[in-house]
Amino acid sequence: MDENKCDFSPMQVEVKDRLQQLSLSIETLIKGLEHSDTNCLLNEFHHAKEKFIETESLASTFYLKCYLAPYTDKYNELSKAISNLSHRRHGALLIVERSDPIGPFVTPGVNLAATLTHLLLESIFIPGGPLHDGAVLIQGDQIVSAGNVLPLTNRVSEQKKLGTRHRAGLGLSELTDALVIIVSEETGQASFSLNGNLYPFSPVS
């Protein structure tokens with residue numbers, strides 16, 4: 001399947017609707033600035049910013065599904081696990097191997113060779129568990145291994161502002177076409193790294 005031709009029409013329509021609403025909000029703000037010297041519009045700016053962030057996250061979810069669809073049939077299980085991990089603020093690091101072999105860049109963990117389910121993924125990342133600090137490797141519909149160690153990004157700017165999981169996700173995606181999903185232990189925010197870029201998204205369970 002060509003990831004550039006994937007079709008998730010309902011999500012596309014929702015993103016389009018939200019962008020149109022944002023466009024109207026921005027037009028309202030412009031008019032407000034033009035016709036008022038006294039009314040403070042900071043609340044409206046803040047509201048528009050929040051809506052834009054929500055829309056960006058939804059759009060990232062759409063693209064994430066496109067990127068994963070050719071490589072796994074377990075997107076729903078994966079998404080449910082990420083949603084639950086995010087809600088509980090359980091940090092997680094998931095590698096979805098795509099075309100490039102990642103073996104040369106990863107320190108191997110513990111072999112599992114298990115069918116991907118949300119319950120198994122969630123159990124691996126329970127805080128304090130023996131494998132929760134490493135990365136899970138997913139190939140197709142299988143969890144191949146857990147507790148893998150990834151290379152960290154060498155970009156100095158990222159080293160200063162990101163945690164270890166995010167730096168590891170970026171590091172591997174700079175070297176291969178793997179898609180790496182990260183859940184922040186501090187905020188619960190889910191992100192994915194692809195081609196050396198980091199994108200926040202909202203998992204749909």
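The values are calculated or read from the model by the stated rules, or taken from the named source; none is laboratory data. Keep in mind that this is a model prediction, so the values were computed, not measured. In this analysis, Cβ positions are derived from the backbone assuming ideal geometry, glycine residues included, and neighbour counts consider all displayed protein chains.
Taken together, the residues in region 113-141 that are of a type outside the set (Asp, Glu) and farther than 19 Å from Ala168 by Cβ amount to 12. Of the residues in region 83-106, none is part of a loop (DSSP other than H, G, I, E, B) and closer than 18 Å to Met11 by Cβ.
Taking the numbered list (1) over 16 Å from Ile82 (Cβ atoms); (2) touching a His at 6+ places or on another chain (Cβ under 6 Å) in turn, Glu174 passes all entries but (2).
So that you can scan it fast, the table gives a plain yes or no per residue for (1) in the same structural domain as Leu120 (by TED's automatic domain parsing); (2) of a type in the set (A, V, I, L, M, F, W, C); (3) in contact with a Lys or Arg (Cβ under 7 Å, 6 or more places away or on another chain):
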position	(1), (2), (3)
Cys40	no, yes, no
His46	no, no, no
Thr55	no, no, yes
Leu64	no, yes, no
Asn84	yes, no, no
His87	yes, no, no
Leu93	yes, yes, yes
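On the stretch given as region 150-170, residues that are under 15 Å from the mean Cα position of the chain (by Cα) and either β-branched (Val, Ile, Thr) or not in a loop (DSSP other than H, G, I, E, B) (or both) total 6.
Out of the residues in region 121-145 that are aliphatic (A, V, I, L, M) and more than 13 Å from Lys74 (Cα to Cα), state the one that is surrounded by the fewest Cβ atoms within 10 Å (Cβ to Cβ).
First, the residues of region 121-145 that are aliphatic (A, V, I, L, M): 121, 124, 126, 131, 135-138, 143-144.
Those still in the list that are more than 13 Å from Lys74 (Cα to Cα) too: 124, 126, 131, 135-137, 144.
Numbers: Ile124: 24, Ile126: 13, Leu131: 18, Ala135: 27, Val136: 26, Leu137: 25, Val144: 19.
Within region 121-145, the match that is surrounded by the fewest Cβ atoms within 10 Å (Cβ to Cβ) is Ile126.
Considering Leu179, Leu150, the condition of being buried (at least 22 other Cβ atoms within 10 Å of the Cβ), closer than 17 Å to Gly103 by Cα and either at pLDDT below 90 or touching a Gly at 6+ places or on another chain (Cβ under 7 Å) (or both) is satisfied by Leu150 alone.
Candidates are the residues of region 9-41 that are at pLDDT below 80 and assigned to a helix (DSSP H, G or I); the one that is farthest from Cys66 (Cα to Cα) is His35.
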